[in-house]
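In what follows, a structure is listed as structure tokens, so that the remarks can point back to it.
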Amino acid sequence: MTKAIKPEASFLDPAKDSQSVKVNGCLLTFNHLSKVYWPEDRITKRDMFNYYDQVAEYMVPYLKDRPMSLNRFPNGIYGPSFYQKNVKDKVPGCMATMPHTNDKGEEKEYLVATNKASLLWMASLGCIEINPWFSRVQSAGNPDFCVIDLDPDKQHFDQVVSAAQEIKKVLDAIGVTAYPKTSGSTGMHIYIPLGAKYTYDQSQMFAKIIVSLVHKQIPEYTSMERMVRKRGGKMYLDFLQNRPDATIAGVYSLRPKPGATVSMPLSWDEVKPGLTMRDFTIHNAIQRLKETGDLFRGVLGKGIDLEKTTEKAQSIFQ
DNA sequence: GGGACGA
DNA sequence: TCGTCCCAACGCAGA
DNA sequence: TCTGCG
Ligand SMILES: [Mn+2]
Ligand SMILES: [Mn+2]
């Protein structure tokens, strides 16, 4: 008798349009599973939940203990979307939250991710994209990493690659290891580990120093101007995102873009002309992860020494 | 997406 | 038990 | 003070 080769069972039943599942002891309900979220690609909510179920083991370490911004697309990538930060009175008891009082003195509750259930609950609200803070609740004012965010205007992705390589040159010169990923949209993100040793202000100052040096090298096609109209169509070297309460799409996040692209970590030797955001999607991300493993592991490791590094930058670049 | 409301 | 309505961010750079 | 920005 031959054993039938059974395909690995997916997280959700392909035949059901609604399903409740207990995850980390938390009962989650998934509705409208056949609703198409990416119409060109015929990708459904069910596909999205199955992706986050499978990617969770790689992704959760980058979500754990982090306050979250929810960017919700309850009707797919072309439907209206909105941000949600306050989850007061809307969150199941099994989810963790953090009290937050804003400038106006209003008391809010931010979701704090803890495990796979947190990830799947966000997804169930229509969060195609997953947006974690750069810091954890235990050290809310101290980011684990500094991010240099490359935001092209109309440039070809090869131009983004060139700018990323320029950033690597500067960081190499001062002995800093950095970790690149595609944003999954039009740009790239470069992470520098900080080990929660510095403030957001210090992190932002460091990003500004790096970006200034890079801009000096390639002023023809990059800009540090915050005002879009003052950029003159050049690629924005965004260092201002290093502040509390600000987020970007996290590593392994899907994006609400045609192709169901994923924000994917890269090795620096992949940062070469010809690379595109379309290289990494809901279809091939899990397979790639099985091959490459988690290329972002170093991001949560021991951080750099900002004082020494800044000094070195000053001595080398005057 | 989901909760509150009234028909 | 429906259909409809309504709600769901934020801080700050820089002008 | 207000708007643009991501
Ligand atoms: Mn960006
Ligand atoms: Mn940006």
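The values are calculated or read from the model by the stated rules, or taken from the named source; none is laboratory data. Quick caveat: nothing in here was measured; it's all calculated off a predicted structure. We place every Cβ from the backbone using ideal geometry, glycine too, and count neighbours over all the protein chains shown.
Identify all residues within segment A:146-158 that are surrounded by 24 or more Cβ atoms within 10 Å (Cβ to Cβ) and away from DNA strand C (no atom under 16 Å from the Cβ); write none if there are none. Within segment A:146-158, A:Leu150 is the sole residue that qualifies.
If the requirement is being over 22 Å from the mean Cα position of the chain (by Cα), within 23 Å of A:Val299 (Cβ to Cβ) and within 16 Å of ligand 1 (Cβ to nearest atom), which of these qualifies: A:Val251, A:Val214, A:Val228, A:Val262?
A:Val214
When each of A:Asn86, A:Asn71 is tested for being surrounded by 19 or more Cβ atoms within 10 Å (Cβ to Cβ), outside the structural domain of A:Met224 (by TED's automatic domain parsing) and not β-branched (Val, Ile, Thr), the lone residue that passes is A:Asn71. Cβ-Cβ contacts under 6 Å between residues 6 or more apart (or on different chains), taken from a first residue in segment A:223-234 that is within 11 Å of DNA strand D (Cβ to nearest atom) to a second residue that is of a type outside the set (A, V, I, L, M, F, W, C) and part of a helix (DSSP H, G or I), are listed as A:Ser223/A:Arg231; A:Glu225/A:Arg231. So which of A:Pro244, A:Pro256, A:Pro193, A:Pro219 ends up being within 11 Å of DNA strand C (Cβ to nearest atom) and not assigned by TED's automatic domain parsing to the domain that holds A:Gln54? Testing whether each residue is within 11 Å of DNA strand C (Cβ to nearest atom) and not assigned by TED's automatic domain parsing to the domain that holds A:Gln54 leaves just A:Pro244. Screening segment A:122-149 for residues that are of a type outside the set (Ser, Thr, Tyr) and farther than 23 Å from A:Gly301 by Cβ and picking the one that is farthest from DNA strand B (Cβ to nearest atom) gives A:Glu129. The criterion of at least 1 residues that are basic (Lys, Arg) is met by the following strands (runs of 3 or more DSSP E) wholly inside segment A:1-109: A:19-23, A:68-72.
Selection of first residues in segment A:175-196 that are under 13 Å from A:Asp305 (Cα atoms) and away from DNA strand D (no atom under 13 Å from the Cβ) and of second residues that are of a type in the set (Asp, Glu) and assigned to a loop (DSSP other than H, G, I, E, B), restricted to Cβ pairs under 8 Å at least 6 apart or on distinct chains, gives the following pairs, ordered by first then second residue: A:Pro193/A:Asp144; A:Leu194/A:Asp144; A:Gly195/A:Asp144; A:Ala196/A:Asp144. With the condition kept exactly as written, say whether any residue in segment A:193-204 is modelled with pLDDT of 95 or more, surrounded by fewer than 22 Cβ atoms within 10 Å (Cβ to Cβ) and within 16 Å of DNA strand B (Cβ to nearest atom). No, segment A:193-204 has no match at all.
Would you check which residues across segment A:81-134 are within 16 Å of DNA strand D (Cβ to nearest atom) and of a type in the set (Lys, Arg) and list them?
Within segment A:81-134, A:Lys85, A:Lys104, A:Lys108 qualify.
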